[in-house]
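Everything below concerns the one structure shown next.
The values are calculated or read from the model by the stated rules, or taken from the named source; none is laboratory data. Because the structure is predicted, anything quoted here is derived from the model rather than measured. Only protein heavy atoms, including side chains, enter the accessible area calculation; ligands, DNA and RNA are left aside. Shrake-Rupley method; radii C 1.70, N 1.55, O 1.52, S 1.80 Å.
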Amino acid sequence: MADRLSGKRILITGAAQGIGLAIVRACLGEGAAVVLMDRDAALLARSVADLGGEAEYLTALAGDITNTDDVAAVVVRAQETIGPLNALINNAGINVFDEPLSLSDEDWNRCFDVNLKGAWNCARAVLPGLLEQGGGVILNIASTHAFT
């Protein structure tokens with residue numbers, strides 16, 4: 001793990017399944033130490049178990065990206081575990097497929113809370129550390145749904 005800790009140290013949101021888990025696998029394959037963040041702790045634990053032999057190079061932390069306290073706690077625990085983060089992959093997101101006139105305020109607000117506020121919360125939490133080390137990467141993933 002020491003070699004991985006001196007290299008790429010990445011926090012990935014929405015990492016328990018789908019595209020997020022595929023990104024985790026790719027980052028591990030590139031030799032990164034990875035922190036998986038997802039709000040579903042049970043699914044996160046199953047995903048880590050499925051990764052098998054790679055489990056020693058990753059840390060799974062449950063948290064809700066729409067909650068600034070959760071995000072701050074995850075970032076602190078991530079840094080305590082693998083050291084200063086040098087990359088964030090904002091992958092967590094939701095889709096709302098209703099027509100505009102039938103979309104409820106609750107669904108609209110939840111979509112914005114996760115897709116925009118959540119990404120902002122995570123970026124804001126890791127940015128001080130990235131600036132302190134002279135740089136890093138924040139990658140925001142969006143769907144084509146953003147254009148509709």
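When Rg and the Kirkwood radius Rh are both evaluated on Cα atoms of segment 37-121, their ratio Rg/Rh stands at 1.05.
Each residue of segment 113-123 was assigned a 3J(HN,Hα) from its phi angle through the Karplus curve 6.51 cos²θ - 1.76 cosθ + 1.60 (θ = phi - 60°); the sequence is 4, 6, 6, 10, 4, x, 5, 5, 4, 5, 4 Hz, with glycine and proline shown as x.
Using the Karplus relation 6.51 cos²θ - 1.76 cosθ + 1.60 with θ = phi - 60°, the per-residue 3J(HN,Hα) values for segment 30-36 come to 8, x, 8, 8, 10, 10, 8 Hz, with x marking Gly and Pro. In this structure, the amide hydrogen of ALA60, modeled 1.01 Å from its nitrogen in the peptide plane, lies closer than 5 angstrom to those of LEU36, counting only residues at least 5 positions away or on a different chain. Using the 1.4 Å probe convention, the accessible area of segment 8-66 works out to 41 Å² per residue with neighbouring protein chains retained. Taking amide H positions as modeled 1.01 Å from N, with prolines and chain starts lacking one, the residues under 5 Å from ILE138 and 5 or more places away or on another chain are LEU88. Couplings for segment 82-99, taken from phi via the Karplus curve 6.51 cos²θ - 1.76 cosθ + 1.60 with θ = phi - 60°, read 10, x, x, 6, 10, 7, 10, 10, 7, 9, 4, x, 10, 10, 10, 9, 5, 5 Hz in order; Gly and Pro are left as x.
For segment 102-148, the solvent-accessible area of protein heavy atoms averages 71 Å² per residue (probe radius 1.4 Å; ligands and nucleic acids excluded).
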